[in-house]
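Engineer: First, the structure itself, so that you have it in front of you.
The values are calculated or read from the model by the stated rules, or taken from the named source; none is laboratory data. Only a predicted model underlies this, so the values are computations on that prediction, with no experimental measurement involved. FYI the Cβ positions are ideal-geometry reconstructions off the backbone, even for glycines, and counts take in every protein chain you see.
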Amino acid sequence: MHAPSPTSDPTQVLADALAAEYAAVWAYGVIGVHLTDAARTAARAAEAAHRSRRDALLLQLAEGSGQVPADRAGYALPFPVTDRAGALRLAVEVEERTAGHWRAALPHTTGPDRNTALAALTDCALRATRWRRTAGVTPVTVAFPGRTA
């Protein structure tokens, strides 16, 4: 799980977004273990959404540039996750970080790629809001989703 790179190359920003999607899918495996009932169902749905976006982006990059970043065997978590509270905190963090990568892609993409980036940013922002609400975090929304500072 890393910060977006400062690049203006459309292929690179999409590759960075793909790396963020890889990390999100991996993190939801950790998150889901610590949740039950509706929260676990929401984690599964979030993981499926990230898998779908990852798969579409994999195909797009493979067909376009042929430069597809590899997935890693594991990712460093920003903090230990040992309980429900930590899992919810990580879910918010994952969505915010992934949103940051899609936000970074917006000024460097056009047409369908820009639409993809905007849809992904919106999806991440909505999921982060839901996770904040589930965790009891206020405010539940942020003014500029995906902004790192």
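Engineer: Looking at region 6-36, which of its residues are modelled with pLDDT under 95, of a type outside the set (G, A, S) and either surrounded by fewer than 20 Cβ atoms within 10 Å (Cβ to Cβ) or in contact with a Cys (Cβ under 8 Å, 6 or more places away or on another chain) (or both)?
Structural biologist: P6, T7, D9, P10, T11, Q12
Engineer: For region 42-88, which positions are among the charged types (D, E, K, R), part of a loop (DSSP other than H, G, I, E, B) and either without any contact (Cβ under 8 Å) to a residue 24 or more places away in the chain or in contact with a helix residue (DSSP H, G or I) (Cβ under 8 Å, 6 or more places away or on another chain) (or both)?
Structural biologist: Within region 42-88, the first condition is being among the charged types (D, E, K, R), and the residues that meet it are 44, 47, 51, 53-55, 63, 71-72, 83-84.
Next, from what is left, pick out any that are part of a loop (DSSP other than H, G, I, E, B): 71-72, 83.
Result: D71, R72.
Engineer: Next up: Check region 73-96 and report whether any residue there is more than 25 Å from G136 (Cα to Cα), out of contact with any His (no Cβ under 6 Å at 6 or more places or on another chain) and polar (S, T, N, Q).
Structural biologist: From region 73-96, those more than 25 Å from G136 (Cα to Cα) are 73-76; that's our starting set.
Now restrict to residues that are out of contact with any His (no Cβ under 6 Å at 6 or more places or on another chain): 73-76.
The next check asks that each one be polar (S, T, N, Q); those that pass are none.
The answer is no, given that none of the residues of region 73-96 is more than 25 Å from G136 (Cα to Cα), out of contact with any His (no Cβ under 6 Å at 6 or more places or on another chain) and polar (S, T, N, Q).
Engineer: Continuing with the same structure: In this structure, is G29 under 16 Å from the mean Cα position of the chain (by Cα) and not hydrophobic (A, V, I, L, M, F, W, C)?
Structural biologist: On the way: under 16 Å from the mean Cα position of the chain (by Cα): yes; not hydrophobic (A, V, I, L, M, F, W, C): yes.
Taking the combined requirement at face value, the residue satisfies it.
Engineer: Please find, among V25, V13, V92, V30, the residue that is farther than 27 Å from A135 by Cβ, in a helix (DSSP H, G or I) and touching a residue at least 24 places away in the same chain (Cβ under 8 Å).
Structural biologist: Details: V25 fails: farther than 27 Å from A135 by Cβ; V92 fails: farther than 27 Å from A135 by Cβ; V30 fails: farther than 27 Å from A135 by Cβ.
Within the list V25, V13, V92, V30, the selection yields V13.
Engineer: Among the numbered criteria (1) without any contact (Cβ under 8 Å) to a residue 40 or more places away in the chain; (2) outside any helix (DSSP H, G or I), which single criterion is violated by R147?
Structural biologist: (1)
Yes/no matrix, rows are residues, columns are (1) surrounded by fewer than 18 Cβ atoms within 10 Å (Cβ to Cβ); (2) assigned to a helix (DSSP H, G or I):
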| position | (1), (2) |
| --- | --- |
| R97 | no, yes |
| G100 | no, yes |
| A105 | no, yes |
| R114 | yes, yes |
| L118 | yes, yes |
| C124 | no, yes |
| A128 | no, yes |
| V137 | yes, no |
| V140 | yes, no |
